[in-house]
Amino acid sequence: MSAPVLLYIVDVFAEERYSGNQLAVFRHAQHLTTEQMRLLAREMNFSESTFIVDEWRAAESFPVRIFTPATELPFAGHPTLGTAFVIQQEVLAGECVPQVNLELSVGRIPVRFEYGEEGPERLWMRQNSPVFGPVVERELVQRALGLAGSELAPLPAEVVSTGLPFIIAPLASRAALSKARLTSDQRLLKRLPLMAFLLFCPETRSPANQLSVRVFAHQYGVPEDPATGSANGCLAAYLVRHRYFGTDAIDIRVEQGHEVGRPSLLLLRSRREGETMRVEVGGKVIMVANGELLERSG
């Protein structure tokens, strides 16, 4: 008889319970079909849900699949951190391992743990090397977000990917960040290379943070995300590429999620390493609930 499917709910990039980005993690998911995973992700209706499809290859890495309510993703940030936390806490029974590797569609993603007296205090994932895509016309960005030209910062909006591509768009102020809305003009959207945006500005609510961020991920079935590790990894690479802080390396704090009532804190590190960049995104994970599926969907 196969083990029951277990469910864990965690808050990722959360400094306290019921903040950050919610994640559903399913264990013993190897017997679920793709359609069953899709239905369960839609039932949870979080930005993403993950499925650990093999716990017996732990010496190397844990194969994991990631779903939004609308589609399967090759990579996503907060699901990577949250799933690694569940693996350390539940699969490995709280053992203070230095690192857990997740096997995703984009390859192996290592997650490193920083421990305190009560367990993991911060988790850090090293993302794949960034790939820089096209610069997006300022007029397209302005019209897509419903902003005036003066509300955009002088730097270009640019497509960046560390496994999942986003348009990184710098704005002039937090007022512009709060005002931004993705247009419903389908003719305009067809001219954009993506419908997934990370918007950022240098004005923050907390003086301890360096940037404020919003993420619209309509392309992936998420209208606005409370905390987006994949997009912030792209942002980290963008900041180094354009020397936003005047350096070839960054170590900063980013706030996200306030506009949707889920305040989040993401830690970004990036530096040049020869012809490429090292990109790491970190944060805290908090366990909220766990249980067992009464019966498998399908």
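The values are calculated or read from the model by the stated rules, or taken from the named source; none is laboratory data. Bear in mind the structure is a predicted one, so any value in this text is a computation, not a measurement. Note that we place each Cβ from the backbone using ideal geometry, even for glycine, and neighbour counts take in every protein chain shown. Heads up: the accessible areas ignore ligands, DNA and RNA and are worked out on the full protein's heavy atoms, side chains in. Shrake-Rupley method; radii C 1.70, N 1.55, O 1.52, S 1.80 Å.
Assorted remarks:
- Qualifying residue in region 75-98 (condition: in contact (Cβ under 8 Å) with a residue 60 or more places away in the chain, surrounded by 15 or more Cβ atoms within 10 Å (Cβ to Cβ) and in a loop (DSSP other than H, G, I, E, B)): yes
- Among (1) open to solvent by 30 Å² or more (accessible area, probe 1.4 Å); (2) in contact with a helix residue (DSSP H, G or I) (Cβ under 6 Å, 6 or more places away or on another chain); (3) of a type outside the set (D, E, K, R) - the single one LEU293 does not satisfy: (2)
- All told, GLU103 falls short of being in contact with a strand residue (DSSP E or B) (Cβ under 6 Å, 6 or more places away or on another chain), surrounded by fewer than 16 Cβ atoms within 10 Å (Cβ to Cβ) and more than 18 Å from PHE166 (Cα to Cα).
- Qualifying residue in region 272-286 (condition: in a strand (DSSP E or B) and of a type in the set (Lys, Arg)): yes
- Inclusion of LEU239 among residues that are outside any strand (DSSP E or B), open to solvent by less than 10 Å² (accessible area, probe 1.4 Å) and not polar (S, T, N, Q) is warranted.
- Flag for ARG181 being part of a strand (DSSP E or B), at pLDDT 95 or above, at negative phi and open to solvent by 20 Å² or more (accessible area, probe 1.4 Å): no
- Within region 1-29, if we keep just the residues that are touching a Ser or Thr at 6+ places or on another chain (Cβ under 8 Å) and of a type in the set (S, T, N, Q), the residue that is most open to solvent (accessible area, probe 1.4 Å) turns out to be GLN22.
- Among the residues listed as ARG138, ARG126, the single one being farther than 21 Å from ILE9 by Cα, touching a residue at least 40 places away in the same chain (Cβ under 8 Å) and surrounded by fewer than 23 Cβ atoms within 10 Å (Cβ to Cβ): ARG126
- For region 32-45, the criterion of a residue being closer than 20 Å to ILE286 by Cβ, open to solvent by 20 Å² or more (accessible area, probe 1.4 Å) and of a type in the set (A, V, I, L, M) is satisfied by at least one position.
- Against the list (1) open to solvent by less than 10 Å² (accessible area, probe 1.4 Å); (2) touching a residue at least 40 places away in the same chain (Cβ under 8 Å); (3) under 29 Å from ARG42 (Cα atoms); (4) of a type outside the set (Ser, Thr, Tyr), the condition VAL279 fails is (3).
- In this structure, ALA93 does satisfy being out of contact with any strand residue (DSSP E or B) (no Cβ under 9 Å at 6 or more places or on another chain), on the phi > 0 side of the Ramachandran plot and at pLDDT below 95.
Each row is one residue, and each column tells you yes or no for (1) modelled with pLDDT under 95; (2) over 14 Å from GLY233 (Cβ atoms); (3) of a type in the set (D, E, K, R); (4) in contact with a Leu (Cβ under 9 Å, 6 or more places away or on another chain).
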| position | (1), (2), (3), (4) |
| --- | --- |
| GLN142 | no, yes, no, yes |
| VAL160 | no, no, no, yes |
| LEU188 | yes, yes, no, yes |
| LEU198 | no, no, no, yes |
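- Test: residue in region 142-149 that is in a strand (DSSP E or B) and either of a type in the set (S, T, N, Q) or closer than 23 Å to ILE9 by Cβ (or both): no
- For region 247-268, a tally of residues being open to solvent by less than 30 Å² (accessible area, probe 1.4 Å) and either over 15 Å from VAL279 (Cα atoms) or among the aromatic types (Phe, Trp, Tyr) (or both) returns 5.
- Residue within region 184-199 that is part of a strand (DSSP E or B) and acidic (Asp, Glu) present: no
- Counting the residues of region 20-56 that are outside any strand (DSSP E or B) and touching a residue at least 40 places away in the same chain (Cβ under 8 Å) gives 10.
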